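First comes the structure, then the notes that go with it.
Where a number appears in this text, it was derived from the coordinates with a stated rule and is not lab data. Owing to the predicted nature of the structure, the values given are computational and were not obtained by experimental measurement. Ideal geometry is used to build each Cβ from the backbone, glycine not excepted, and the neighbour counts take in all protein chains shown.
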Number of protein chains: 2
Amino acid sequence: MELEVISNISVDCVVFGYDTNKKSLNVLLIKRYLESEIGSDILVDDYVLTGYHVYEHETLDEASTRVLKELTGLTDLYKKQFKAFGSPSRLMSETDQIWIKNKKFSSRTFTIAYYFLLKTEDVGVGSKRYEAKWFPIRELPKLGFDHEKIIMEAYEDLKIKCLSEPITFELLPVKFTINDVQDLYESILGIEIDNRNFRRKLINKKYIIALDEKQVGVSKKPAQLYMFSKDIYEKMFTKNYLISI
Amino acid sequence: MELEVISNISVDCVVFGYDTNKKSLNVLLIKRYLESEIGSDILVDDYVLTGYHVYEHETLDEASTRVLKELTGLTDLYKKQFKAFGSPSRLMSETDQIWIKNKKFSSRTFTIAYYFLLKTEDVGVGSKRYEAKWFPIRELPKLGFDHEKIIMEAYEDLKIKCLSEPITFELLPVKFTINDVQDLYESILGIEIDNRNFRRKLINKKYIIALDEKQVGVSKKPAQLYMFSKDIYEKMFTKNYLISI
DNA sequence: GCAAAAGTGTTCCATATACACCCATGC
DNA sequence: GCATGGGTGTATATGGAACACTTTTGC
């Protein structure tokens, strides 16, 4: 069977990358640029999410994994399908229409949106044929299609999810300090957290394991390093039915 | 513009209905039945979710609302889009293929799944051209397509969601007793809850309002009736950032 | 020695949990 | 008067929230 794309269905990937040094939660975006053939006016110049149409033989999950691998080379990342977007008007802005006509895409395309979690440093941006760039979640550039909406909905989902599941460790290096984790939560949630309470809470978790190692090469007191044990977490996990409405 | 359906995209609706008297959480399903033209063998005889293809002019939300209105006559229900399903194998069982060929549907259809919450008693089952029937969530019949999977994923989502948002009141009559609410949580979650603790918890909420009314027509001590005030809930609502991982 | 961030303890309060009996009503 | 489900109180334990100073290191 030939590889055949389904012309009206795509996946779009919101790639969240955390930069531990800059304490910045970022989104990976791709340049969208088009000049007119005559006069070389700039017709389209903005950013979009990475995404592509789904192939006939693929599941949605496979399509999203493929798209992400093409851009970053990475697989086995944390991934969540969080919402489908299919409003008739979602690709109807003037620039979107110019783009779609140029690329001969269908103007009624439904997209299934995923988000991925990784460390910003794990992506060799620019090594690929795409012009991809990290943007802090609070400093997004002009975005094409309905991608700003998609990013914001992914972010809302991430904010809720990080409160109840240990997905934050997908955004951190294997070895991290307690303060790294706190900084990350503060970045994601946009709040301040009391350091003493937060430390106590984390250190008491059995799946947060103190290593026999400290930071090196820092010009201050080197901090204790920890790791997260998914194994222990999953073994301990017991569903709780606390009703908090 | 003519009404034109998008042949490879549908919405499917998991309709949850709670029966306060029977203390039963139910799912509304539609009979799928087909006999062979010669010999009248039964080719297809099972149940499916209500759903239909999306029209060109519609959003996904509008399509789901339309489908639900056609079946139940109801609008303005609690609704959540919870997942898209698009595996190439999702409609590939033998009976599904017979059905699809008979109905001339596309065998690679993506569906965007929603769930709805309502009171079983609000639906006049049988009043429509569909043969629709309620089934307790733990006693589902043989289901076509991948609809058992869809229902189970909707149910998992509902279980999580009812712990943190007051969506349970969508499943109860306007006036309810505290024990009604407890029974509902026990039905959804499949657990037992301590009555004294549960009562105290609920009665202390400002948005649970004691009415000047008691049950009538019961052959026992009539219980105090309460209502839920969405207004008060929303005014009081403050996002909490409790990290419980 | 100084700048910079790491690390540390205690008190108070809210809320979850465990647990068993009396009460009001309709029949 | 009795069956049925409605309704009540207390003690304990756990964990969150508030709060400020000392320590360690590299330079």
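Each label was represented as a point 7 Å from its Cα along the Cα-to-Cβ direction; for B:Ser7 and A:Ile98 these points are 3.4 nm apart. Look at the alpha carbon pairs under 8 Å that are at least 6 residues apart: their mean separation over the length of the range A:5-164 gives a relative contact order of 34 percent.
If you take all other residues with their beta carbon under 11 Å from the beta carbon of B:Tyr207, and give Lys and Arg +1 and Asp and Glu -1, the sum is +2. Lys-Lys pairs in the range B:174-236 that are eight or more residues apart or on separate chains and whose Cα atoms lie under 14 Å of each other come to 6. Near B:Ser229: Cβ cut-off under 10 Å, other residues only, Lys/Arg at +1 and Asp/Glu at -1. The net charge is +2.
Suppose every Lys and Arg Cβ carries +1 and every Asp and Glu Cβ carries -1, with no other charges. What dipole size does the protein assembly as shown come out with about its Cα centre, to the nearest 20 debye? Write out the running numbers ahead of the final one.
Values: 72 positive and 74 negative charges, 444 e Å.
Here the protein assembly as shown has a charge dipole of around 2140 debye.
Across A:Glu37, A:Glu70, A:Glu62, mean-square fluctuation computed from a Gaussian network of chain A (C-alpha pairs under 10 Å connected) peaks at A:Glu37.
In this structure the amide hydrogen of B:Ile6, modeled in the peptide plane, comes within under 5 Å of the amide hydrogens of B:Val54, B:Tyr55, B:Glu56, none closer than 5 places in sequence on its chain. Under a Gaussian network description of chain B, with springs only between Cα atoms under 10 Å, the residue in B:Lys103, B:Lys149, B:Lys80 that fluctuates furthest is B:Lys103. Modelled spin-label separation between B:Phe135 and B:Asp76, with each label point placed 7 Å from Cα along the Cα-to-Cβ direction: 3.2 nm. Each residue of the range A:231-236 is assigned a 3J(HN,Hα), and the resulting list reads 3, 5, 4, 5, 5, 7 Hz, derived from the Karplus form 6.51 cos²θ - 1.76 cosθ + 1.60 (θ = phi - 60°), x at Gly and Pro. For the rotational copy relationship between B and A, the axis lies nearest to a chain B beta carbon, identified with its distance in whole angstrom as B:Ala84, 2. Based on C-alpha pairs under 8 angstrom that are at least 6 apart in sequence, the range B:143-213 has a relative contact order of 19 percent.
Under a Gaussian network description of chain B, with springs only between Cα atoms under 10 Å, the residue in B:Thr75, B:Thr65, B:Thr120 that fluctuates furthest is B:Thr75. Once the Cα atoms are used to define both axes, helix B:178-189 deviates from the longest principal axis of chain B by about 40 degrees.
Please find the FRET efficiency linking B:Glu165 to B:Arg66, where r is the Cβ-Cβ separation and R0 is fixed at 22 Å, and quote it to the nearest 0.05. Please list the in-between numbers first.
Values: r = 25 Å, r/R0 = 1.15.
After rounding, the FRET efficiency stands at 0.30.
Residue-wise HN-Hα couplings along the range A:3-18, as the Karplus relation 6.51 cos²θ - 1.76 cosθ + 1.60 with θ = phi - 60° gives them from phi, are 5, 10, 8, 8, 6, 10, 9, 10, 10, 10, 10, 8, 9, 8, x, 9 Hz; Gly and Pro carry x.
When you filter the trypsin sites (Lys or Arg not before Pro) in the range B:1-43 for DSSP loop state and at most 15 other Cβ atoms inside 10 Å of their Cβ, you are left with B:Lys22, B:Lys23. Per-residue mean of foreign Cβ neighbours for B:81-90 is 6 (Cβ atoms of other chains, 10 Å radius). If a/c stays under 1.5 just call it rounded; otherwise compare a/b with b/c (prolate if a/b is bigger, oblate if not). Do that for the range B:174-236, with a ≥ b ≥ c from the square roots of the Cα gyration tensor eigenvalues. Oblate. Which of rounded, prolate, oblate describes the range A:1-76, given a ≥ b ≥ c as roots of the alpha-carbon gyration tensor eigenvalues and a/c under 1.5 marking rounded, otherwise prolate only if a/b is larger than b/c? Oblate is the answer for the range A:1-76, as a/c is 1.5 or above yet b/c matches or exceeds a/b. B:Lys23 sits among other residues whose Cβ lies under 12 Å from its own Cβ, and their net charge, with Lys and Arg +1 and Asp and Glu -1, is -3. In this rough spin-label picture, where each label sits 7 Å from Cα along the Cβ direction, the A:Ile203-B:His57 distance is 6.5 nm.
Estimated from helical segments only, the mean residue ellipticity of chain A at 222 nm is -8500 deg cm²/dmol, where each DSSP H run of four or more residues counts as -39500 (n - 2.57).
Normalising the average separation of contacting C-alpha pairs (under 8 angstrom, six or more residues apart) by the number of residues puts the relative contact order of the range B:174-236 at 37 percent. Position A:Lys175: other-copy label points at 6.8 nm, ordered by increasing distance, label point 7 Å along Cα→C-beta. Need one word for the protein assembly as shown: rounded, prolate or oblate. Basis is the Cα gyration tensor (sqrt eigenvalues a ≥ b ≥ c); a/c below 1.5 gives rounded, then a/b vs b/c decides. Oblate, because a/c is 1.5 or more while a/b does not exceed b/c.
Compute the helix-to-body angle for B:60-72: its Cα long axis versus the longest principal axis of chain B, expressed 0 to 90° and rounded to tens. On a 0 to 90 degree scale, this one is about 80.
Label-point spacing for B:Tyr78 across the identical copies (point 7 Å from Cα in the Cβ direction), in nm and ascending order: 2.8. Across the range A:34-42, coupling constants 3J(HN,Hα) worked out from phi with the 6.51/-1.76/1.60 Karplus curve, θ = phi - 60°, read 8, 9, 6, 5, 9, x, 6, 5, 7 Hz, and Gly and Pro carry x.
Plainly put, the tip 7 Å out from Cα toward Cβ on A:Glu131 is 6.2 nm from that tip on each other copy, the closest given first.
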